[in-house]
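First the structure, in the form of C-alpha cells, and then the observations on it.
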Amino acid sequence: MKKKIISGVLVLLIGCLIYGFYRYNKPPQNLEDVKSELFFSAKELSNEFVTDQNKIAKQISKKVVEISGVISSVEFTAHSTLVIVGKNIKCEFQKKHEDLVEGKQVSVKGVYGGFDELFNEISLIKCQITD
C-alpha cells in the first residue's frame, strides 16, 4: 500500500514538473488575432486610475484592453517602440513602428502590465495598432 501511495505521488510530481516546464517555455501570446475585451479612451482610463487604482487594475488585469488617444511621446529602442498615449499610458510595441509620431490619433490594444507610481504611468505590453 505504501509503494502505491509513493508511486502515485511521484507520478503526480513528475506531471506537475512537466506542465510547469511547458508553461514556462510557452511563447508569448500574439495579440494580433485576439479581440479586445475592454475599451477606453486614454483620458477615461487615466481618470479610472485616479478614482480607484486598485479596482480598475483588478478589472483590466490579464485582459486585452483597447485604448484610443493622441500620441504625446515616442521612443525607439533597438527592437521595440515605446509610445505614450494621452498623458500617462505607456504602450510597449515588440517591434519598431516608424509610422507612430507625436500628435497622431491611434487605437492600441495590449495587456495591462502594471502601474508605475514613480512616473504615474499605466503600462500596456505586447501592444498592437488596431486602426
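Inside the range 67-122, residues that are in a loop (DSSP other than H, G, I, E, B) and closer than 15 Å to F40 by Cβ make up a count of 3. Among the candidates E32, E44, E48, the residue that is of a type in the set (D, E), under 30 Å from L118 (Cα atoms), assigned to a helix (DSSP H, G or I) and modelled with pLDDT under 90 is uniquely E48. Would it be correct to say that S68 is under 15 Å from G110 (Cβ atoms), touching a strand residue (DSSP E or B) at 6+ places or on another chain (Cβ under 7 Å) and touching a residue at least 60 places away in the same chain (Cβ under 8 Å)? When the stated conditions are applied, S68 does not pass them.
Pairs meeting the criteria (first residue in the range 21-46 and within 17 Å of S61 (Cα to Cα), second residue modelled with pLDDT of 75 or more and loosely packed, with under 10 Cβ neighbours inside 10 Å, beta carbons under 6 Å, at least 6 apart or on different chains) are lacking.
Any idea which residue in the range 82-128 is surrounded by the fewest Cβ atoms within 10 Å (Cβ to Cβ), counting only those that are more than 28 Å from K55 (Cβ to Cβ) and touching a Phe, Trp or Tyr at 6+ places or on another chain (Cβ under 9 Å)? Restricting to residues being more than 28 Å from K55 (Cβ to Cβ) and touching a Phe, Trp or Tyr at 6+ places or on another chain (Cβ under 9 Å), the top hit is E98.
The values are calculated or read from the model by the stated rules, or taken from the named source; none is laboratory data. What you see is a predicted model, and the numbers here were worked out from it, not measured in a lab. Please note: Cβ atoms are built from the backbone with ideal geometry, for glycine as well, and neighbour counts cover all protein chains shown.
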